[in-house]
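Just so you know, all these numbers are worked out from the coordinates, no wet-lab data involved. This structure is a prediction, so every number in the text was calculated from the model and none was measured. No Cβ is skipped: glycine too gets one built from the backbone with ideal geometry, and neighbour counts run over all protein chains shown.
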Amino acid sequence: MEMNEIIAKAVHERLSAEECARLAEFCTDGEKVRHELVQLKRRARIAEIAGDRRFSDPDYLDYLAGKNQIDLDDPAKVDAFMTGLAATLPGFFTLPLASGAGGGNENPASGGVQPENTKSDGGAPSGPRNVNGIARLLETAPEIL
């Protein structure tokens, strides 16, 4: 028997023990689903706040917000809470750093341009350590006295 049939029957007749049990199970399942939905929305909001404020541990932020009974839908309270956390727990906040030098094919010392004396003239393409590159370096090197 479907749930809507059980509910329609309950309006006019007395339900059997089995029907009462199914109805109670349906109500319990619905409550569980509603509770899970509330938890998912809270986790999403915590993750959003942690990302916006560069807080490194969303689970800990969730714990702290729950402990302090912070209304996550009130931007003023969230701002005050996060400002306080930044002052008391600065180690949980990441710094907004730009990527540094290295990792690319460009030479950062020359402004991204490969210096003239390190270009290969058909030799092995291993930078200034090929025969032609070493010869050019020796030509421009000062004499040792």
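Could you check how many residues of region 35-64 are closer than 20 Å to A86 by Cα and either outside any helix (DSSP H, G or I) or aliphatic (A, V, I, L, M) (or both)?
10
Quick one: in region 65-82, of everything that is in a helix (DSSP H, G or I) and loosely packed, with under 11 Cβ neighbours inside 10 Å, which residue is nearest to the chain's Cα centre (by Cα)?
Top of the filtered list is P75.
Out of all the residues in region 12-43, which are surrounded by 12 or more Cβ atoms within 10 Å (Cβ to Cβ) and of a type in the set (A, V, I, L, M, F, W, C)?
Once the filter is applied, which keeps residues that are surrounded by 12 or more Cβ atoms within 10 Å (Cβ to Cβ) and of a type in the set (A, V, I, L, M, F, W, C), region 12-43 yields L15, C20, L23, F26.
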